[in-house]
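J.: Here it is, the structure in full.
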Amino acid sequence: MARTVSNNVDKKNQRAVPKNQQDQKISELQGEIDKLRVNQSPQLIDVIKELQDKLKKTTGELEIDISLIDANPKQPRQTITPELIQAKARLLKKYGQITPIILVAKDNNRYLILDGQLRYEAAKVLDWKTIRAFLVPMPSDIEQFSLQTFLGFEDLNPLDKASAIALEVQKAINLSQEKLTGVLGTIIKRIERLGKIKELAQLVAVSEEEQLKGLENFAINDEEQKILMILLELGLNPASVKTNLLPMLSLPSDLKIAIRQKGLKGAHALALCRISAKGLNVSESVAKRERTKATNKVLSENLTVPETRDIVKSIKDKYLKSKTSALKQSREINGIIQKMNSLSVDFLESASEIQLKELKDLLQQKLVEIDNIII
């Protein structure tokens, strides 16, 4: 029922050739090199170098020309900021390349990155001509392989992570991002009512068989079970996905851009999204202007999440209090109008001539002010 996650990231160091065949090829190539040494062939140096290159390829790790490598357009990581690249470049310069990247060979004598995009970008910054890599067979599901590779990375922003997870669910059961958010929310609420949300979290660390058996206690249908199994197989707590990741998909476009291009953190974005047209009771353009100003302040001053929430609260208070004040003034004006309507002829006749003259002058003055405002 549930798909078994294949091509686990733990297989990063797999070789392109099975071990028994690999050992045989190594032995054969080494034998050819020894024969050439004995025979003193005229082209000995060139041929030995060629055979040594073949021998190196057989062991799995290669030095690949960086100009022949292409990025994977379907990888979950859509955000690689200059800051991330420079940080990785500094590490590569200081310590060298500790871990080879993972590539697959393409039909046009080029290579596609399965893992190592950041190391690849950093190597280009350092003007490296080659980079160490493992060649592996093309995975049956390249998107899933890439997703698994990135899920454990702390620097993968929550927006990219949420988008990749939603795509994985959509591939499996054809459920849109919008529907996934609603369905998962309904599932989690039901499990919370059953008092079993901790039991759901514990399923992340058990086998697939135990996960399937555990889900039988949650009163869920087949579609809901598939969704939970996909998340559990990826090592994700469904409740955490619902609370911390899926809300990323509903963020305004300006906040998504700030996350991907400026490094805005997910928690800050969730706080800033409360600066909305509905939340401020204003037009969308006004809300976006206020949200952009607040976002720039958060980024420029490197504010904490609590500090960000304080800014959001002050903006909401400003608009909502202004609205309350305007409403109060409107009520006061309505009261004045009602009082004016209550000025009957009998009431006016009871006033002195001086009072009537003062009232007339005051009304004429207010009429002039009203005309200036209306014009």
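Here, each number is a calculation from the coordinates, and none is a lab measurement. Just so we're clear, the structure is a prediction, and the values are computed from it rather than from any experiment. A quick note on method: Cβ atoms are made from the backbone with ideal geometry, for glycine too, and the neighbour counts reach across all protein chains shown.
J.: So if we plug the beta-carbon distance of THR81 and LYS106 into 1/(1 + (r/R0)^6) with R0 = 35 Å, what FRET efficiency do we get, rounded to 0.05?
T.: Working: r = 27 Å, r/R0 = 0.78.
Efficiency computed from Cβ-Cβ geometry: 0.80.
J.: What net charge do the residues around LEU251 carry, taking every other residue with its C-beta under 13 Å from that of LEU251, with Lys and Arg at +1 and Asp and Glu at -1? All intermediate terms of the calculation are to be shown ahead of the outcome.
T.: Numbers: positive: LYS256, ARG260, LYS265, ARG274, LYS288, ARG291; negative: ASP160, ASP254.
That sum, taken over residues with Cβ under 13 Å, equals +4.
J.: Hey, another quick one. Taking amide H positions as placed in the peptide plane 1.01 Å from N, state which residues far from ASP115 in sequence (5 or more) or on other chains have amide H under 5 Å from it.
T.: Hits under the 5 Å cutoff: ILE102.
J.: Give me the number: length gained by fully extending LEU343 to THR292, i.e. 0.36 nm times residue separation minus the C-alpha to C-alpha distance, one decimal in nm.
T.: Details: separation 51, 0.36 × 51 = 18.36 nm, distance 5.15 nm.
Taking 0.36 nm per residue and subtracting the Cα distance, the gain is 13.2 nm.
J.: Report the local net charge at GLU143: Lys and Arg +1, Asp and Glu -1, summed over other residues whose C-beta lies under 12 Å from its C-beta. Can you show the working numbers first?
T.: On the way: positive: LYS74, LYS171; negative: ASP141, GLU168.
Taking every other residue near GLU143 into account, the sum is 0.
J.: If you wrap the range 251-321's Cα atoms in a convex hull and average its projection over all directions, what's the area in nm²? Before the final figure, lay out the partial values.
T.: On the way: hull surface 16.3 nm².
Computed as one quarter of the Cα hull surface, the answer is 4.1 nm².
J.: Another one. Calculate the spin-label point distance for GLN364 paired with ASP65, positioning each point 7 Å from the Cα along the beta-carbon direction, and give it in nanometres.
T.: 9.6 nm
J.: Let me ask something additional. Could you tell me which of the pairs LYS339/LYS360; LYS88/LYS198; LYS94/LYS129; LYS278/LYS313; LYS93/LYS297 are separated by over 26 angstrom between their Cα atoms in the structure shown? Walk me through the numbers before you get to the answer.
T.: Numbers: LYS339/LYS360 15 Å; LYS88/LYS198 37 Å; LYS94/LYS129 17 Å; LYS278/LYS313 14 Å; LYS93/LYS297 33 Å.
Those over the limit are LYS88/LYS198; LYS93/LYS297.
J.: Only counting other Cβ atoms within 10 Å, I'd like THR79, THR304, THR181 sorted with the fewest neighbours first.
T.: Values: THR79 16, THR304 13, THR181 19.
The most exposed by this proxy come first: THR304, THR79, THR181.
J.: Turning to a different aspect of this structure: Starting from the Cα-Cα distance between GLU199 and THR243, subtract it from 0.36 nm times their residue separation and give me the gain in nm to one decimal. Write out the running numbers ahead of the final one.
T.: Values: separation 44, 0.36 × 44 = 15.84 nm, distance 1.69 nm.
Gain on extension, GLU199 to THR243, equals 14.1 nm.
J.: Could you derive backbone 3J(HN,Hα) for the range 202-208 from the dihedral phi with the Karplus parameters 6.51, -1.76 and 1.60 (θ = phi - 60°), listing whole Hz in sequence and x where the residue is Gly or Pro?
T.: Whole-Hz 3J(HN,Hα) from phi for the range 202-208: 5, 6, 4, 9, 10, 6, 4.
J.: Within 10 Å, Cβ to Cβ, of ARG190, how many net charges do the neighbouring residues add up to if Lys/Arg are +1 and Asp/Glu are -1? Working shown, then result.
T.: Details: positive: LYS189, ARG193, LYS196; negative: GLU192, GLU224.
Spelling it out: positives minus negatives among the neighbours equals +1.
J.: For the range 93-102, take each phi angle, set θ = phi - 60°, evaluate the Karplus expression 6.51 cos²θ - 1.76 cosθ + 1.60, and give the result in whole Hz per residue in order, putting x for glycine and proline.
T.: 3J(HN,Hα) across the range 93-102, in whole Hz: 5, 7, 10, x, 8, 7, 10, x, 7, 10.
J.: Follow-up question, since we're still on this one. What are the ³J(HN,Hα) values, in whole Hz, obtained from phi via the Karplus relation 6.51 cos²θ - 1.76 cosθ + 1.60 with θ = phi - 60°, for each residue of the range 81-89 in sequence order, with x given for Gly and Pro?
T.: Each residue's phi maps through the Karplus curve to give 7, x, 5, 5, 5, 5, 4, 5, 4 Hz.
J.: In the range 251-321, with Lys and Arg counted as +1 and Asp and Glu as -1 at Cβ, which of these residues, LEU255, ALA294, SER314, has the Cα nearest the positive end of the dipole, that is, farthest along it?
T.: Of the candidates, LEU255 comes out farthest on the positive side.
J.: Could I ask something else about it? Post the alpha-carbon centroid distance, the range 60-134 to the range 208-272, in whole angstrom.
T.: First find each Cα centre; the distance between them is then 29 Å.
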